[in-house]
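Here the structure is laid out as structure tokens; the discussion comes afterwards.
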Amino acid sequence: MKKKSRKHGGNMKIKEIILDFTSLLDVIMIILFFFVLYSKIDTDNKVKDKETYYNELIDENKKEQEEWREEASKEWARIESFDENAAASEEALNAFERGEFYKFRLDVIDSSKDWTLKISFNGKQIDEIKSNETDDVKTAIKNSLNKSDFSKNQKYICVFSYDGSQNGTAQAFDSIKKVIDSIQRQPGYSNLYFSNLNE
């Protein structure tokens with residue numbers, strides 16, 4: 001009887017061990033499942049991060065290449081304009097040596113605010129502007145230029161001469177110089193280059 005009871009008790013212990021081991025396996029499987037799941041999520045996130053990073057790099061490279069192309073185009077246009085400007089400037093200097101230039105001669109009358117501006121080209125007087133006859137000096141100068149063979153596509157050297165010993169010259173000179181500067185800022189008149197000469 002004692003032997004039977006021992007055998008029965010041994011079977012119970014083996015069953016308990018088997019049951020305990022089975023529940024432990026379940027826990028391990030659950031842990032492994034979550035480990036694999038989170039590893040996959042982490043891997044997917046890293047892959048997405050890498051894809052985003054490389055896409056950003058590609059976009060940055062495209063932007064840089066576009067910027068380089070734009071800069072290169074601007075530089076090339078600048079070089080071409082230098083060549084064109086150099087040729088035009090040389091032609092203007094050659095014309096100046098031949099006496100083909102504009103001369104603006106300012107004379108102040110009797111220390112007053114009245115002045116006369118004579119405009120000539122190639123030694124020949126084109127026009128005469130008097131302060132007491134016009135309020136719109138800018139339009140008067142532009143009209144005087146248009147009376148000559150003035151071309152908006154050509155460069156011109158202009159001499160603005162005056163007699164500094166005449167009283168009131170400084171004030172008249174400043175007012176006319178401001179008008180000339182405003183004309184030079186207008187399209188088609190930026191090719192006028194002035195040199196001031198105190199005679």
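The values are calculated or read from the model by the stated rules, or taken from the named source; none is laboratory data. The shown structure was predicted, so the numbers you read here are calculated from the model rather than taken from an experiment. Neighbour counts run over all protein chains shown; Cβ positions are idealised from the backbone, glycine included.
Screening the range 104-199 for strands (runs of 3 or more DSSP E) wholly inside it with 1 or more residues that are touching a residue at least 60 places away in the same chain (Cβ under 8 Å), under 25 Å from Glu91 (Cβ atoms) and not aromatic (Phe, Trp, Tyr) returns the ranges 156-162, 192-198.
Picking from residues in the range 137-184 that are in contact with a strand residue (DSSP E or B) (Cβ under 7 Å, 6 or more places away or on another chain) and aromatic (Phe, Trp, Tyr), the one that is nearest to Ser195 (Cα to Cα) is Phe160.
Within the range 83-126, the only residue that satisfies the criterion of being of a type in the set (Asp, Glu) and modelled with pLDDT of 90 or more is Asp107.
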